[in-house]
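The values are calculated or read from the model by the stated rules, or taken from the named source; none is laboratory data. The structure displayed is predicted, hence computed values, not measured ones. Here the Cβ positions follow ideal geometry from the backbone for every residue, glycine too, while neighbour counts run over all protein chains shown.
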Amino acid sequence: MIRISARMTMIVIALLVMGAAMAQAQCLSHQWATLDADHAIAGAQLGVSVAANGLMAAAGAPEEDMGQGCAYVFEFDGAGMRQVARLTASDGALGHKFGASVSVFGDVVMVGAPQPFPAELPGKVYVFVKPAGGWVDMVETAVLTPSDGAANDNFGAALDIDDGTVVVGAYLDEGPADNTGSAYVFERPAGGWVDAVEAAKFTAGDPASNDQFGVSVAVAGDIIAVGADRDSDAAYQAGAAYVFEKPAGGWADAVENAKLSANNPVDLDRLGLSVGVGDGFVVAGAWGDDLMAEKAGVVHVFERPSGGWDDMAATAELTATDAASGDHLGWSVDADGDVVMAGAPANLFDGSGFGAAYLYLKPSAGWVDATEDASLLSYDMVSDDEFGTAVALGAPAAMVGARYVATEGYSNAGASYLFGGALDCNANERLDLCEILDGSAVDANGNGILDECEGVASASQAPMTLALPQNHPNPFNPSTEIRFTIPTAGPGSLRVFDLHGRLVRTLAQGNLPAGEGSVTWHGRDDSGRSVGSGVYIYRLAASGQRMERRMVLLK
């Protein structure tokens with residue numbers, strides 16, 4: 001089931017900077033879709049892995065069908081994001097964990113299955129190429145395997161793709177000692193993806209037992225980052241990340257360029273459980289870092305020195321303003337351009353413990369220690385949903401996985417949440433969602449894309465449709481304006497409800513005229529009493545249709 005913008009979950013936007021950075025953070029934080037399976041399955045844990053690229057997204061559900069697993073593909077269909085394919089392995093079996101990792105680039109989806117059967121196999125990565133007629137439920141186009149794989153290597157537990165390059169982690173690969181780990185690089189053949197083994201294999205220059213090099217991987221352009229969250233060189237399981245830069249001769253000639261570590265490594269920081277590659281920098285999550293509070297977590301940023309990559313400590317440490325013990329910030333990270341995103345799946349926001357995600361924008365002068373530019377919190381979450389299990393950036397979207405969400409009454413079915421990203425389709429150096437939110441551009445169908453960019457007729461030419469934009473301001477105190485458009489005159493209503501479905505206030509009722517209208521809600525119920533802080537639903541029913549949105553009253 002896909003819940004799109006007209007029924008989107010309201011988020012609280014915690015903006016901490018002004019000017020252009022504030023506008024960008026607000027737009028990145030605009031949630032416009034909740035993605036879950038058309039037929040939810042208890043325990044599937046959809047959202048363990050997520051990936052977004054353009055107007056396509058993918059999410060892994062590795063526990064579906066008793067651990068056999070699957071992955072779902074979602075695409076924009078002109079009205080919203082819809083499930084268009086369920087991907088499975090042709091040799092799937094119980095315990096396969098297909099969907100433990102996913103990555104998307106263009107019309108290609110990669111899915112990792114780190115525990116395939118028979119048990120003597122090291123793991124596999126499955127390649128799915130969009131058919132000419134469009135996505136359908138399907139099995140793989142090709143399979144990627146390691147040439148020297150051994151049982152239980154966990155090959156495929158982490159993967160990433162950028163254009164024709166794929167990097168895959170095998171963090172339990174046996175090297176000179178137990179579980180030192182490795183990473184494999186695959187390159188797309190000229191004729192397209194086919195079954196293949198690696199073009200290159202990476203290991204740490206200083207391997208040690210149980211380092212788990214390859215527990216996370218990321219690639220962007222000519223840079224690959226690999227995490228080793230149990231590296232104990234600086235302190236017991238303080239962790240580390242490694243950088244590999246593509247030589248002129250290709251990945252086969254690559255050697256480790258740099259080892260990255262925290263400024264003040266401490267036992268059990270676990271830096272490197274997640275990594276990402278941005279524009280001239282690498283990020284690594286350290287979910288066990290105690291800088292702000294016990295295991296609150298830190299995201300470390302490493303900017304490329306002017307002389308090139310070399311062993312280094314962090315350039316900057318990114319934290320959360322609401323940091324608390326056990327948040328696990330950095331459990332997941334991603335980077336795209338000058339934006340960093342990090343998940344804190346155990347975040348105790350408001351004591352609820354349902355998780356959070358954070359956005360950080362690179363300052364013009366370069367990275368410095370900072371707190372978030374925006375926080376993403378979904379109010380239909382409940383305790384222990386682990387919102388932030390996985391995160392992904394891919395213009396125009398930012399995506400957050402929540403593996404323990406109950407969907408349609410099915411516990412731990414999981415879901416993922418899609419937020420507006422950094423699209424500038426009319427190339428005017430203003431993010432499209434900013435233009436939509438401030439009214440300087442038109443998005444008549446509410447899909448997050450400017451009408452001028454998708455050839456939609458102007459408002460004067462297009463037939464009027466029922467519309468219910470987001471209230472403004474939001475969050476609000478003490479009042480907010482609700483605008484609406486009704487295509488045909490007739491009976492209708494505009495009402496406010498609490499999250500339990502109880503009527504709070506009737507703002508309009510009776511024969512409503514056609515056209516645009518607005519009403520101001522002053523945060524009072526039908527008896528005139530002020531209501532408390534919280535999330536409220538406002539629902540428009542008219543012309544035989546119904547739309548609703550959520551708003552936040554913060555006192």
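This table checks each residue for (1) within 18 Å of Val111 (Cβ to Cβ); (2) surrounded by fewer than 24 Cβ atoms within 10 Å (Cβ to Cβ).
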position	(1), (2)
Ala190	no, yes
Val194	yes, yes
Ala204	no, yes
Asp211	no, no
Ala218	yes, no
Ala235	no, yes
Take Asp279 and tell me if it is in contact (Cβ under 8 Å) with a residue 40 or more places away in the chain and part of a loop (DSSP other than H, G, I, E, B).
yes
Taking the condition farther than 19 Å from Tyr358 by Cβ and not in a strand (DSSP E or B), does Leu268 pass?
yes
For the range 331-362, which positions are modelled with pLDDT of 90 or more, surrounded by fewer than 24 Cβ atoms within 10 Å (Cβ to Cβ) and part of a loop (DSSP other than H, G, I, E, B)?
Lys362
Do we have any residue at all in the range 313-333 that's closer than 20 Å to Phe213 by Cβ and either free of Cβ contacts under 8 Å to residues at least 24 places away in the same chain or of a type in the set (Lys, Arg) (or both)?
no
What single numbered condition from (1) in contact (Cβ under 8 Å) with a residue 12 or more places away in the chain; (2) within 23 Å of the chain's Cα centre (by Cα) fails to hold for Gln115?
(2)
Please return the ranges of strands (runs of 3 or more DSSP E) entirely within the range 473-555 where 2 or more residues are under 31 Å from the mean Cα position of the chain (by Cα) and surrounded by 14 or more Cβ atoms within 10 Å (Cβ to Cβ).
480-486, 490-498, 534-542, 545-553
Could you say whether any residue in the range 285-302 is in contact with a Phe, Trp or Tyr (Cβ under 9 Å, 6 or more places away or on another chain), surrounded by fewer than 23 Cβ atoms within 10 Å (Cβ to Cβ) and assigned to a loop (DSSP other than H, G, I, E, B)?
yes
Could you grab the pairs with beta carbons closer than 6 Å, sequence gap of 6+ or different chains, first residue in the range 398-409 and surrounded by fewer than 24 Cβ atoms within 10 Å (Cβ to Cβ), second one in a strand (DSSP E or B) and aliphatic (A, V, I, L, M)?
Thr407/Ala415
